[in-house]
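Below you'll find the structure, written out as structure tokens, and then a few comments.
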Amino acid sequence: MLQTAAILALILPLLGFVFHVAAGGFVYRRTVETVACAAILASLIAACLALAAGWGGASSVTLFSWFRAGDFAASFDLLLDPLSLIMAVLVGFISLLVHCYSVPFMRGDPGYVRYYGYLNLFVFFMLAVALADNLVFLFLGWEGMGLCSYALIGHWFHSKERISAARKAFLVTRTGDVAFLIGVALLFAQGVDPSVSGIQAEAGSLPGWTAVLLGLLLLWAAAGKSAQFPLLIWLPDAMAGPTPVSALIHAATMVASGVYLLARLFPVLALSPAVLLCIGAVGTLTALWGAASALAQRDIKRVLAWSTLSQVGFMMLAIGAGDPAASMFHLIVHAFFKSLLFLAAGCLIQALDEEHDIFAMGAKLRHRLPHVFWPFFLGVLALAAVPPFAGFWSKGRVLSAVLAQPGAGYAALALAASAAALLTSLYSFRLLLLAFFGRPARTDAPSPESVPLSTAWVLWPLALLCIGAGALDLPGHLGASNWLTGFLASAPGVPPGPDTVSETLITLLDTGLALAGLLLALLAYGPAERFFPRVPEGARFWNLMARGFGLEEASTRFIARPYRSVATLLWLRMEEGVLDRTTSGAAALLSRASSGVRLWTTGRLSTYLLMLLAGLTLILLVAAGIWS
Amino acid sequence: MIVPLEHVLVLALAVFLLGAGCALLRRNLIMILLGVEIMLNASGIALVGASLAWRDLHGQAFVLFIMGVAAAEVAVGLALVVYAHRRTGRLEADHFNKLRE
Amino acid sequence: MNAFPMLTVLILLPLAGSVAAMAFARYPVACRILSLGLTLTQLVYLLAVVPLAGMPGTVVLREDLAWIPSLGARYSLAMDGISYLLVLVASFLGILAVLVSWREIRSRIAAHHASLLLVQATAIGIFLARDLLLFALFWELQLVPIFFLIAIWGHEARRSAAFKFFLFSIAGGLLMLLAVIGLYVSHGLATGSYTFALADLLASPASPFLQGWLFAGFLLGFAVKTPIIPLHIWLPDAHTQAPTAGSLILAGVLLKTGSYGLLRFGLPLFPHAAAQAAPLLIVLGLAALIYGAWVCFAQTDAKRLVAYSSIGHMGLILLGLAVWEEISLQGSVLQMVNHALTTGALFVMVGMLYERIGSRDLNDLGGLWQRIPVFSSFFLLFCLAAAGLPGLNNFVGELLILVGSFEQHPAAACIGFAGAVLILGYILRLVQATLFGPGEAREDLADITPREAAIVAPLAGAVLFIGLVPSPVLNLLRGPVKALLAQWGG
């Protein structure tokens, strides 16, 4: 029962893709959309059934054996434990909402077959990553997600900027994927079965340096997919894709998959405290980097993009603090509020005719589009971690996990993470105030019908979850159960959470940070802004922040452009120049030698007779010499 | 034998060189043929001397053959020269250089 | 020994066809149909009849007849799993080559098909021969039809490209022939029996010094064909200037003869020299991978881009061979097949684009997806396969090569893995320049015709099949690779 349900959950989106490829061009548009949504709905139902059937236990199932050579084997294996099943349900749920949202959102787009096909295919690959046991199979899903992301970011492929953004995304994530494969090869060379269950069973047998190396490789791989420092340059530009794609792939699922990978393979990471500290540092750095850059953005989607990678940084920090359950809690909650924010932003953008600049939005939107404003508001409250909304509990868990770790390193990380939390609250309220309370408001305000109910209804389930999802893992000191931590602890490889360390203090701290951010935002952008120093929104430093502190330009200047120049150089100078000229030179040399020899053929009889005589004399002398 | 073999060979060599000189240094086709004839006769002298020195008649038989072949070759050669002169009116060897590349 | 010469039929069939095709000079359509029928028969024979004599992966089919007894040369053929696989690929590509030439070749059609069939015959001879003299004969013979294919039916700069190819190959072949004769003589002097047979020469007790020189001769001969940089100079021009069928055969069959020669003859015959040369070969393989991918990125001619990508892929195959380990050898042979399919498919599709648009320049192409979507989907599939996307064929071979090399040469394997990023770089450049982007207004581009679908669909099917279910192919290789390793443990 469990196994059948899990297999169905995995395969149904793939069947949807196959349908779209084979028959998409021949059926009505409605049929294509219905099949796409139905496949995901069925997959979600199957995933829920699997979760219910396999409650708390772990089992594995093999779909089929893929290939083996020598001792190395890859097969389509699934490992069904609480962690993977919860992830599968989450993916199915968010995907379903995004699919339903896409139907009215992408009305009128002629490339709909491609869109729904790739979207379904993406869900298949993401579920493969969630459920896979064998690491090569996981890599299939991993790279497949990269492909679907490329195809969907570049969905409107007539525009050169969009396809460049797609190309950048694919290339940067692939840089991370290289480390994944090296990790697989390393595991195999050490005699460990390259699969999640193999790692859970034999991680302890790895020698110290191998564990460190493997941990760092996995960190690099996760950093690529999750847009962590230094591989973060692709995510803001990935907003060139349609908004539902941004919501699904670049907020809730693919960017979180790096964190999920680390949580799944946590037994290896747990072997070396240095690696954990490293992961925490990368996460914190990204959290700060992203939060600061989000503060300076004007495009609503880019604010959310930088915010995403900042929040994923928090998830990484939780893993670095040794608490993968906290990281998963934040992952789930983040999926809810971030996709909510993206989908709401999509409604705004469409209502305002492709306007992305938050400075061009304003208070009229709040009055005209209340069915978008209120969910958005709830999402912002969750993002900023205002109690008692969901984000407050999950971020609190992360911070308490960090504070529970001894050592100066973790203390520094906790400090930095608190600063990032303050910035998070600040930029989220800035976003809210500028988009919905700003002055001057747009003169042309949209009518409520421009965001029909068919588009906006998906916002409400997510908004309700933003309010209530905190119940998944309410902390013990408030008398509640830490349910999610306990549930995940039954999964092999995810250790139980740390003991509660002065949690009341942390609760107060978190509340303080969130409210401080709200206050600062109100001061800077709220109704009383003219009484306070102006925010330097045009200053050079501000612009640098908006460009992500120049990381993008650095990578273009030091990696992309030199690569292109060297490529041209190698081609023109080396290939055409040196090598080709060497061969033509050799040919020319031979040709000149032969024209030199050609001088002998004068055509004159006297020359020939002379040479005949000379040659004969020589031969006879040599023969006489030999015979004597 | 009335003279040592070496003297005969020197005579043959001298005649040969004279014939070679004639063949190489003259431009006229007929003179080249003359030179070839002289070289053939020189080889005949060497063969006769060797035959007498070693008391073997094969050498002298060889000389008779050479004379016959030389006659035939001269006939053919002169026929070609006559034909070439009829075609071009010239008899210099350097004039016929079309076999060059 | 078999009573019915199963293996000779594989060589004789295309050879006879080549001769017969010349008789149809006045009837081009009949000539085409004859060639198509013949190549199809060859494939059917290979798939249906040959396994009746013994399953290819497990049983080795042999033929052994006296040829030149005074020299010790025998007409000796053998087909194990590796040879079977490569002959299968050659036969399959032969069919596709005939189909590809259907519209492209308009003049001297009989001679063209005769050349194609002769290439197939000689290539199969190379893959089956187990006598060194016979091998060298087929090796040299192969150059002639390919030279004509490029020189007569090629593109603008075909003469110089054909000559460059010919001279490089002849030079390499000459060195290899000298090495063959050297081995023959040294073996004869040492043991008293003068023979060209591979099985006997494998146990030849040559001195290490001599082994080094002989190995160098073989290596240079194979290095030109594989190609190993820096002897790859002939390849871009030859591939670019050849007609589409010629490029298909060049990439799919000819390059494999070089790496096959290394696998079957070069490395096993000289174990000590090969072990000493292994680091050099690994470095050259990686250099080819990186250099090929890097230069690829700067190309503006689509066909030249695919040609340089060939150099990169063959570099990876060379790495797998040089490491001489079970997993990486299986990966290498599998990758030979994969490369033939993927790169062959890319050449075919670029050729189809050239037929439609008249240009290979990337700046002239663009925005094809909206005009010819079916064509573009196939093109994207093959490009993704070349980029090593999991689920498609190249990934399996590459992964096996690199995982197999990791234990002995971790640094080399890491560089090999990193090459994937560079490969993706130029693949995305190719995809973007042809399929995406604004594109010029071009009204009348025909989407894929049935004949073209008949060429491309089997290739796509093979790509997907090997990517998802590579076990049948790997089963063919398991036994022969173990046998090769047993000859010399590496």
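The values are calculated or read from the model by the stated rules, or taken from the named source; none is laboratory data. Every value quoted in this text rests on a predicted model; they were computed, and no experiment measured them. We place every Cβ from the backbone using ideal geometry, glycine too, and count neighbours over all the protein chains shown. Keep in mind that these areas ignore ligands, DNA and RNA; they rest on the heavy atoms of the full protein, side chains included. Shrake-Rupley method; radii C 1.70, N 1.55, O 1.52, S 1.80 Å.
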Q) Does segment A:185-204 include one or more residues that are charged (D, E, K, R) and part of a helix (DSSP H, G or I)? A) yes
A:Asp81 meets each of (1) surrounded by fewer than 24 Cβ atoms within 10 Å (Cβ to Cβ); (2) over 23 Å from the mean Cα position of the chain (by Cα) with one exception, condition (1)
Taking the criterion of being touching a residue at least 40 places away in the same chain (Cβ under 8 Å), over 25 Å from C:Leu476 (Cβ atoms) and touching a strand residue (DSSP E or B) at 6+ places or on another chain (Cβ under 7 Å), would at least one residue in segment C:40-57 satisfy it?
no
Of A:Ser595, A:Ser555, the only residue that is within 11 Å of chain B (Cβ to nearest Cβ), in a helix (DSSP H, G or I) and open to solvent by less than 50 Å² (accessible area, probe 1.4 Å) is A:Ser595
Within segment A:113-158, the residues that are among the aromatic types (Phe, Trp, Tyr), in a helix (DSSP H, G or I) and under 29 Å from A:Phe26 (Cα atoms) are A:Tyr115, A:Tyr116, A:Tyr118, A:Phe122, A:Phe124, A:Phe125, A:Tyr150
Across segment B:68-100, the tally of residues that are within 14 Å of chain A (Cβ to nearest Cβ) and in contact with a helix residue (DSSP H, G or I) (Cβ under 6 Å, 6 or more places away or on another chain) stands at 4
Condition set assigned to a loop (DSSP other than H, G, I, E, B) and touching a strand residue (DSSP E or B) at 6+ places or on another chain (Cβ under 8 Å), scope segment C:345-402, selection farthest from A:Tyr115 (Cα to Cα): answer is C:Arg360
- [ ] Within segment C:25-33, identify whether any single residue is in contact with a Phe, Trp or Tyr (Cβ under 9 Å, 6 or more places away or on another chain), aromatic (Phe, Trp, Tyr) and open to solvent by 20 Å² or more (accessible area, probe 1.4 Å), and answer yes or no.
- [x] no
>> Tell me whether segment A:606-620 contains one or more residues that are outside any helix (DSSP H, G or I), surrounded by 14 or more Cβ atoms within 10 Å (Cβ to Cβ) and within 14 Å of chain B (Cβ to nearest Cβ).
In response: no
For segment C:207-227 the number of residues that are surrounded by 24 or more Cβ atoms within 10 Å (Cβ to Cβ) and not in a helix (DSSP H, G or I) is 2
Tell me whether segment C:103-110 contains one or more residues that are away from chain A (no Cβ under 14 Å) and touching a Cys at 6+ places or on another chain (Cβ under 6 Å). yes
A:Thr173: passes all of (1) out of contact with any helix residue (DSSP H, G or I) (no Cβ under 8 Å at 6 or more places or on another chain); (2) within 20 Å of A:Pro242 (Cα to Cα) but (1)
From the option list C:Arg74, C:Arg103, C:Arg130, C:Arg108, single residue qualifying as basic (Lys, Arg), touching an Asp or Glu at 6+ places or on another chain (Cβ under 6 Å) and open to solvent by 10 Å² or more (accessible area, probe 1.4 Å) is C:Arg74
Worksheet item: Does A:Ala560 meet the test of being within 14 Å of chain C (Cβ to nearest Cβ), modelled with pLDDT of 85 or more and more than 23 Å from C:Ile229 (Cα to Cα)?
Response: yes
By residue number, the members of segment A:264-316 that are among the basic types (Lys, Arg), farther than 17 Å from A:Ser339 by Cα and open to solvent by less than 10 Å² (accessible area, probe 1.4 Å) are A:Arg264
Counting only residues in segment A:172-191 that are facing chain C (nearest Cβ under 7 Å) and closer than 23 Å to A:Ile233 by Cβ, the one most open to solvent (accessible area, probe 1.4 Å) is identified as A:Thr175
Pairs returned, first residue in segment A:227-253 that is over 23 Å from A:Asp353 (Cα atoms) and in contact (Cβ under 8 Å) with a residue 60 or more places away in the chain, second residue that is in a loop (DSSP other than H, G, I, E, B) and of a type outside the set (Val, Ile, Thr), beta-carbon separation under 6 angstrom, 6 or more apart or interchain, are A:Leu235/A:Ala227
Scanning segment B:10-25 for residues that are crowded, with 16+ Cβ neighbours inside 10 Å and touching a residue at least 24 places away in the same chain (Cβ under 8 Å) gives B:Ala12, B:Val15, B:Phe16
Of the conditions (1) open to solvent by 30 Å² or more (accessible area, probe 1.4 Å); (2) at pLDDT below 85, the single one that A:Ala412 does not satisfy is (2)
Before we move on, is A:Ala390 crowded, with 24+ Cβ neighbours inside 10 Å and within 25 Å of the chain's Cα centre (by Cα)? yes
(1) more than 14 Å from chain A (Cβ to nearest Cβ); (2) in contact with a Cys (Cβ under 6 Å, 6 or more places away or on another chain); (3) not hydroxyl-bearing (Ser, Thr, Tyr) all hold for C:Leu321 apart from (2)
Residues of segment B:83-101 being outside any loop (DSSP other than H, G, I, E, B) and either within 14 Å of the chain's Cα centre (by Cα) or surrounded by 12 or more Cβ atoms within 10 Å (Cβ to Cβ) (or both), in sequence order, are B:Ala84, B:His85, B:Glu92, B:Ala93, B:Asp94, B:His95
Of the residues in segment C:33-80, those that are of a type outside the set (A, V, I, L, M, F, W, C), in contact with a helix residue (DSSP H, G or I) (Cβ under 6 Å, 6 or more places away or on another chain) and closer than 30 Å to C:Ser107 by Cα come to C:Ser35, C:Thr39, C:Gln42
Over segment C:407-431, the set of residues open to solvent by 20 Å² or more (accessible area, probe 1.4 Å), facing chain A (nearest Cβ under 9 Å) and part of a helix (DSSP H, G or I) is C:Pro410, C:Cys414, C:Ala418, C:Ala420, C:Val421, C:Leu422, C:Arg429
Checked against (1) farther than 26 Å from C:Gly258 by Cβ; (2) among the aliphatic types (A, V, I, L, M); (3) surrounded by 22 or more Cβ atoms within 10 Å (Cβ to Cβ), C:Ile82 satisfies every condition except (1)
When segment C:1-54 is checked residue by residue, the ones that are more than 29 Å from C:Asp80 (Cβ to Cβ) and not in a helix (DSSP H, G or I) are C:Ala23, C:Phe24, C:Ala25, C:Arg26, C:Tyr27
Practice prompt. Determine whether segment A:236-251 contains at least one residue that is of a type in the set (D, E, K, R) and either surrounded by 24 or more Cβ atoms within 10 Å (Cβ to Cβ) or in contact with a Ser or Thr (Cβ under 7 Å, 6 or more places away or on another chain) (or both).
Written response: no
Note on C:Ala190: of the conditions (1) closer than 28 Å to C:Leu289 by Cβ; (2) more than 14 Å from every other protein chain (Cβ to nearest Cβ); (3) at pLDDT below 90, unmet is (1)
